[in-house]
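One structure below.
The values are calculated or read from the model by the stated rules, or taken from the named source; none is laboratory data. All values reported here derive from a predicted model rather than from experimental measurement. All Cβ positions, even for glycine, are placed from backbone atoms using ideal geometry, and neighbour counts span all protein chains on display.
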Amino acid sequence: MIKEIHVVAAAIINDQGQILCCQRGPGRALANLWEFPGGKIEKGEDAPSALIREIKEELHAELTIHSYLGENSHIYDFGRVTMQVYLASLAQDYFQLTEHIQAKWIDKDGLMNLDWAPVDIPFAERLSQK
């Protein structure tokens, strides 16, 4: 039986239309791949609440959610990850990385130059075409 993992992520856009992309750290699953920040949905949480909590934990930042972008699933060797993604912005310009090794604000035409985690790829492709 395959392990089901439900996560939520934010496509965070700044005032210049750039999107925040975060690189996973070494020693973790999907090490060094790029992703939209977020994390696991805990039991009893809805996706937006989980996303706000995760961004507080991962970036020490307040998130404003604007709209729902959609859902994608990918089967990895450790289980099936189903990810819901929301378009969002940060309440302030400052953030602090706690789990990622780096973060970059990327213009939409540069999104596909990053080595994305597979579950994130459809959203990177979609955002690069907006």
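Residue by residue, here is whether (1) free of Cβ contacts under 8 Å to residues at least 60 places away in the same chain; (2) among the acidic types (Asp, Glu); (3) in contact with a strand residue (DSSP E or B) (Cβ under 7 Å, 6 or more places away or on another chain) holds:
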| residue | (1), (2), (3) |
| --- | --- |
| Leu30 | no, no, yes |
| Leu63 | yes, no, yes |
| Glu71 | yes, yes, yes |
| His74 | yes, no, yes |
| Gln92 | yes, no, no |
| Asp109 | yes, yes, no |
| Asn113 | yes, no, no |
| Pro122 | yes, no, yes |
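Within region 56-83, count every residue that is out of contact with any helix residue (DSSP H, G or I) (no Cβ under 8 Å at 6 or more places or on another chain), closer than 17 Å to Pro37 by Cβ and of a type in the set (A, V, I, L, M).
Looking only at that region, the number is 1.
Say whether the condition of being in a helix (DSSP H, G or I), more than 19 Å from Asn32 (Cα to Cα) and small (Gly, Ala, Ser) is met by at least one residue in region 96-112.
For region 96-112, residues in a helix (DSSP H, G or I), more than 19 Å from Asn32 (Cα to Cα) and small (Gly, Ala, Ser): absent.
Looking at the structure I just gave you, is Lys130 closer than 11 Å to Ala11 by Cβ, modelled with pLDDT under 95 and of a type in the set (D, E, K, R)?
Yes: the conditions hold for Lys130.
Among the candidates Gly44, Gly25, Gly17, single out the residue that is in contact (Cβ under 8 Å) with a residue 40 or more places away in the chain and at positive phi.
Gly17
Being surrounded by fewer than 22 Cβ atoms within 10 Å (Cβ to Cβ), of a type in the set (A, V, I, L, M) and part of a strand (DSSP E or B) is the requirement here; does Ile12 meet it?
no
Picking from Gly70, Gly110, which residue would you name as being closer than 11 Å to Cys21 by Cβ, surrounded by fewer than 16 Cβ atoms within 10 Å (Cβ to Cβ) and at pLDDT 95 or above?
Numbers: Gly70 fails: closer than 11 Å to Cys21 by Cβ.
Of the residues listed, the single one that is closer than 11 Å to Cys21 by Cβ, surrounded by fewer than 16 Cβ atoms within 10 Å (Cβ to Cβ) and at pLDDT 95 or above is Gly110.
So which residues in region 43-67 are loosely packed, with under 15 Cβ neighbours inside 10 Å, out of contact with any Leu (no Cβ under 8 Å at 6 or more places or on another chain) and under 25 Å from Asp93 (Cβ atoms), if there are any at all?
If the condition is that a residue be loosely packed, with under 15 Cβ neighbours inside 10 Å, out of contact with any Leu (no Cβ under 8 Å at 6 or more places or on another chain) and under 25 Å from Asp93 (Cβ atoms), then Ser49, Glu57, His60 are the ones that fit.
Kindly establish whether Lys130 is in contact with a Lys or Arg (Cβ under 7 Å, 6 or more places away or on another chain), under 22 Å from Ser67 (Cβ atoms), in contact (Cβ under 8 Å) with a residue 24 or more places away in the chain and not hydroxyl-bearing (Ser, Thr, Tyr).
no
Is it the case that Lys3 is under 13 Å from the mean Cα position of the chain (by Cα), surrounded by fewer than 18 Cβ atoms within 10 Å (Cβ to Cβ) and more than 17 Å from Gln102 (Cβ to Cβ)?
No: the conditions fail for Lys3.
Of Gly44, Gly70, which residue is more than 20 Å from Asn113 (Cα to Cα), of a type in the set (Gly, Ala, Ser) and not in a strand (DSSP E or B)?
Gly44
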